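See structure below.
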Amino acid sequence: MSVRAENRTLTRGDKIIIKTLTHCGIVAAYPIYPEAARIIYHLLHGKGTPYQIPSSYFEDSPYLQNEISKREIGNFGPIGLRQHKDWRLSLAFNPYYLRITKDSVEVYHPNMACLTSHKIITTIPLGRLNVRVHDNLLTPFQTPYYCFAKWRRKD
């Protein structure tokens, strides 16, 4: 199916299966990865409108706090990360961008969308189960958008 998605030759049955499994995945992932679940839902239903997700996880993420501490005020990115360094961040934004000001931090992606190549696979750990998903399966249904989380600096 991922090759057919890349070639834009998905059948009607393929599309029904992908949409159904995606919505099941959103429900299953939400308790563990709420940001990623919200992002995928908005990708499918948000019609390209900008979307602000809650920042509580990101402002406390040890990985992200370390990355922020290495930088001065400014705009940075795209910044890629290995999923195992911060699963929750990587499933929401990968790559991600940072905007650091004197008063705030914003983690964002200016054009949130799944990649079109069938070779890109995302791993989603759900307990002992590692679900591997071809990113491009959602490309026929997505409308890219600006996605961000913003918070006030603590220091």
Please work out which option in (1) 16.0, 53; (2) 21.1, 78; (3) 14.6, 46 gives Rg and Dmax of the Cα atoms in Å calculated from these coordinates, and answer with its label. (1)
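To the nearest 20 debye, what charge dipole does the range 1-125 have about its Cα centre, counting +1 at the Cβ of each Lys and Arg and -1 at the Cβ of each Asp and Glu?
On the way: 15 positive and 10 negative charges, 113 e Å.
About 540 debye.
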Springs between alpha-carbon atoms under 10 Å, Gaussian network over the chain: tell me which of Asp103, Asp135, Asp14 tops the mean-square fluctuations. Asp103
Gaussian network model of the chain, Cα springs within a sub-10 Å range: biggest mean-square fluctuation belongs to which of Glu59, Glu67, Glu106? Glu67
Once the Cα atoms of helix 12-29 and of the chain are each reduced to a long axis, what angle between those two axes, in degrees from 0 to 90 to the nearest 10, is obtained? 40
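Per-residue ellipticity at 222 nm for the chain, helices alone: DSSP H runs ≥ 4 residues times -39500 (n - 2.57), over residue total, nearest 500 deg cm²/dmol? Numbers along the way, then the final one.
Numbers: 6 runs with 54 residues, N = 155.
Roughly -10000 deg cm²/dmol at 222 nm, from the helical runs in the chain.
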Straight-distance crosslink candidates among lysines, where the alpha carbon sits under 25 Å from Lys19 and sequence neighbours closer than 8 are dropped: Lys47, Lys119
Reachable lysines from Lys154, criterion Cα separation under 17 angstrom, eight or more residues apart if same chain: Lys70, Lys102
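By accessible area of protein heavy atoms, probe 1.4 Å, what ranking do Val133, Val105, Val27 get, highest first?
Details: Val133 55, Val105 5, Val27 110 Å².
The most accessible residue leads, giving Val27, Val133, Val105.
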Among Ser56, Cys114, Leu137, whose Cα projects farthest towards the positive end of the dipole of the chain, with charges put on the beta-carbon of Lys, Arg (+1) and Asp, Glu (-1)? Leu137
Once a ≥ b ≥ c are taken as the square roots of the eigenvalues of the Cα gyration tensor of the range 87-127, is the result rounded (a/c under 1.5), prolate (a/b larger than b/c) or oblate (a/b not larger than b/c)? oblate
For Tyr57, Tyr41, give me the order by solvent-accessible area with a 1.4 Å probe, most accessible first, ignoring ligands, DNA and RNA. Tyr41, Tyr57
Rel. contact order, % - alpha carbon contacts under 8 angstrom, at least six apart, the chain: 29
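Just reorder Leu43, Leu126 by solvent-accessible area, largest first, 1.4 Å probe, all chains present. Write out the running numbers ahead of the final one.
Values: Leu43 5, Leu126 45 Å².
Greatest to least solvent exposure: Leu126, Leu43.
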Expressed as an acute angle from 0 to 90° and rounded to the nearest 10, what is the orientation of the C-alpha long axis of helix 34-45 relative to the principal long axis of the chain? 50
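The values are calculated or read from the model by the stated rules, or taken from the named source; none is laboratory data. Keep in mind that this is a model prediction, so the values were computed, not measured. Positions of Cβ are generated from backbone atoms using ideal geometry, with glycine treated the same way; all protein chains shown enter the neighbour counts. To get the accessible areas, we keep the full protein, side chains included, count just its heavy atoms, and leave off ligands, DNA and RNA. Shrake-Rupley method; radii C 1.70, N 1.55, O 1.52, S 1.80 Å.
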